[in-house]
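The structure appears below as structure tokens.
The values are calculated or read from the model by the stated rules, or taken from the named source; none is laboratory data. Computed from a predicted structure; not experimentally measured. So basically every Cβ, Gly included, is an ideal-geometry build from the backbone, and we count neighbours across all protein chains shown. Only protein heavy atoms, including side chains, enter the accessible area calculation; ligands, DNA and RNA are left aside. Shrake-Rupley method; radii C 1.70, N 1.55, O 1.52, S 1.80 Å.
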Amino acid sequence: MTALMTLGWREYVALPELGIRRLKTKVDTGARTSAIHAFFVEKLAGGRVRFGIHPRRKSQREVWVETQLADERWVTDSGGHRELRPVIRTTVEIGGKRWPIELTLTARDNMKFRMLLARTALAGRFLVDPAKSYTLRKRQKKGVGSIFRK
């Protein structure tokens with residue numbers, strides 16, 4: 001039996017297919033499907049979707065993405081509000097591991113974290129210790145080597 005790595009309640013992840021090298025993410029075992037902050041979500045011909053992402057709060061830097069729309073699902077948030085959300089499939093990278101996940105696109109302007117990494121994305125891959133934060137990769141000082149260090 002392989003020992004699972006432990007995540008804290010918040011971690012940095014990468015979404016390489018979306019052009020995002022580092023994104024502060026809340027690990028949320030109470031949520032079923034992962035979600036990312038998206039704005040100007042636009043359905044395109046051929047089952048595609050285009051949207052913008054602000055990877056960092058309080059920053060105007062935008063990443064624009066065009067990808068295949070995987071699905072649309074009704075999602076109930078923690079406040080009990082239902083919303084029909086677009087769903088995409090992409091690769092997430094954390095702790096040296098990469099795997100495909102589904103992400104719902106939603107406005108998270110007022111949220112501290114631009115992304116939630118939910119239990120279906122974590123199942124069988126990690127344990128979660130809610131008393132810890134940033135357990136797998138620590139930020140390195142700007143201008144020194146990689147943006148991550150173990």
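For the range 60-66, putting each phi into the Karplus relation 6.51 cos²θ - 1.76 cosθ + 1.60 with θ = phi - 60° gives couplings of 8, 4, 10, 10, 9, 10, 10 Hz, in residue order, rounded to whole numbers and with x for Gly and Pro. Within the chain, what percent of beta bridges assigned by DSSP are antiparallel, to the nearest 5? The answer is about 75 percent antiparallel. Its Cα gyration tensor gives the range 12-75 an equivalent ellipsoid; the semi-axes, largest first and in whole Å, are 20, 17, 11.
Summed over the residues of the chain and divided among them, the accessible surface reaches 59 Å² per residue at a probe radius of 1.4 Å. The alpha-carbon of residue 112 sits under 19 angstrom from the alpha-carbons of these aspartates and glutamates, leaving out residues fewer than 8 places away in its chain: 11, 28, 62, 77. Considering only 38, 3, 120, the residue lying farthest towards the positive end of the dipole of the range 1-136 is 3, judged by Cα position with unit charges set on Cβ. Stick to the Cα atoms of the chain, pair each with every other, and give me the Kirkwood hydrodynamic radius in Å at one decimal. Kirkwood radius, the chain: 16.0 Å. Here's the list of aspartates and glutamates a cross-link from residue 58 could span, going by alpha-carbon distance under 14 Å and ignoring same-chain residues fewer than 8 apart: 109.
For the range 6-67, GluC sites (Glu not before Pro) meeting the loop criterion (DSSP other than H, G, I, E, B) and having at most 15 other Cβ atoms within 10 Å: 62. Paramagnetic label reach from residue 132 (point 7 Å along Cα→Cβ; backbone nitrogen cut-off under 19 Å): within the range 75-103, residues 93-98.
All alpha carbon pair distances within the range 73-120 were sorted into 10 Å bins beginning at 0; the resulting P(r) in whole percents reads 21, 54, 23, 2.
Computed from point charges on the beta carbon alone (+1 for Lys and Arg, -1 for Asp and Glu), the dipole magnitude for the range 4-145 about its Cα centre is near 780 Debye. Stretched out straight at 0.36 nm per residue, the stretch from residue 60 to residue 3 would grow longer than its current Cα-Cα span by 16.5 nm.
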